[in-house]
Amino acid sequence: MASFAGYLKDVKSKIRETNVEAVKKVVADRKGKAGDGNGLGPVLIDVREKDEWMEGFIPGAQWISRGFLEQRIEDKVPEKDAAVVLYCASGTRSVLAARSLADLGYTNVASLAGGFSAWKRAGLDFDRPFIMTQDQSIRYARHTMLPEVGQEGQVKLLKSKVLCLGAGGLGSPAAYYLAAAGVGTLGMIDDDVVDASNLQRQILHATDRIGMPKVESAAKTLTGLNPDVKVNQYKARLTSENVMEILSQYDVIVDGVDNFPSRYLLNDASLKLRKPVVHASIYRFEGQMTSFIPGQGPCYRCLYPAPPPPDMAPSCQEAGVLGVLPGVVGVLQATEAVKIILGIGKSLAGRLLMFDALATKFRELKLRRDPTCPTCGDGVDPDKIELIDYEAFCSVR
Ligand SMILES: [Zn+2]
């Protein structure tokens, strides 16, 4: 009759064990990446009981208690050759769990030696589960009932941070819907004040707020709609001085800027920081949009390597725009941002979507990364990109 100690020793000899140092590196690599870095490195699964999980877990881990592991693993990890790391409190239950997954055909499973206790002993940060309040459960019910979102997705949204560049035509509908969806932190950057001529399309603002800074008006509207949302106000313009500091605090950037200098600065800084940018522009009756996701498709400079020289720039006269047009395009931007945060669907990276409001038609163009691009081309080190403050030769405000 085999003893438990003998059995455990036998199982351990067949299971690969990993250590806190290796898992620490995986967690660090994922930090600040889109969708919490889902898809980077192994799937980390906590196999402890619910009360243990509630006390804290390794950042980025998913929870399947040991008792349900065999039944539920295929939902979380459909590919049998995917890298999986299991952990429990001390590394015993996870070794036995790893053995079960090997029996199920998983070929790349490791167990964290020492488990969560070793993680805590090493003084590393851990997360606690986010518990929705009753108000939040009601507010987001139409989200949580979608299996693709669920409570887990809603929590991701609540913890996510989106920066909206511009609180104008595009920023208004984008931020409005992001706030409604429960994106927990919205940064609004705009140096302008509300003008009567904005109100035909910039729906965050209101007649009695003419003269008020747009970021202040935006914060009033957004927190009025959803008290879960924290709005960070930046009454400023992007410059090489502030861009890195501001962008670094956000997961996704929604670009509604109306000038060349900011657009290039945004592109270059977002590549340095590896942040996804949902880009759009509008003109008269037409809008276009795409997502620039570092490592997935082109960047803005692949399409327009440098701004036109000042004497070639388009006339500085303000162009008209159909008031509802930014509504359509800005809401599409919000849709993209939500998908990127949730890690669902197919992003617009590598595709330019064009909307013609007069024809009510969408068209799509393929966009390719340019291997000679100055900022994302072959051999370019994003850390070495220098930020340039182009002269604001054409202000379309
Ligand atoms: Zn590029």
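When Ile189 is tested against the conditions (1) buried (at least 21 other Cβ atoms within 10 Å of the Cβ); (2) touching a Ser or Thr at 6+ places or on another chain (Cβ under 7 Å), the lone failure is (2). Considering Tyr283, Tyr300, Tyr234, the condition of being within 16 Å of the ligand (Cβ to nearest atom) and either modelled with pLDDT of 95 or more or over 30 Å from Asp378 (Cα atoms) (or both) is satisfied by Tyr300 alone.
Pairing residues of the range 320-348 that are in contact (Cβ under 8 Å) with a residue 40 or more places away in the chain and closer than 21 Å to Gly295 by Cα with residues that are assigned to a helix (DSSP H, G or I) and among the acidic types (Asp, Glu), at Cβ distances under 6 Å and at least 6 apart in sequence or on separate chains, gives Leu348/Glu336. Residues that are touching a Ser or Thr at 6+ places or on another chain (Cβ under 6 Å), buried (at least 16 other Cβ atoms within 10 Å of the Cβ), closer than 21 Å to Val77 by Cα and of a type outside the set (Gly, Ala, Ser) are absent from the range 96-110 altogether.
The helices (runs of 4 or more DSSP H) located wholly in the range 123-181 that include 3 or more residues which are over 16 Å from the mean Cα position of the chain (by Cα) occupy 134-139, 141-144, 171-181. Within the range 330-371, if we keep just the residues that are of a type in the set (Gly, Ala, Ser) and under 19 Å from Ala175 (Cβ atoms), the residue that is nearest to the ligand (Cβ to nearest atom) turns out to be Ala337.
Within the range 226-256, track down each residue that is in a loop (DSSP other than H, G, I, E, B), in contact (Cβ under 8 Å) with a residue 40 or more places away in the chain and of a type in the set (Asp, Glu). Within the range 226-256, Asp228, Asp251 qualify.
The values are calculated or read from the model by the stated rules, or taken from the named source; none is laboratory data. Remember, predicted model here, so these are calculated numbers, not experimental data. All Cβ positions, glycine included, derive from the backbone under ideal geometry; neighbour counts span all protein chains shown.
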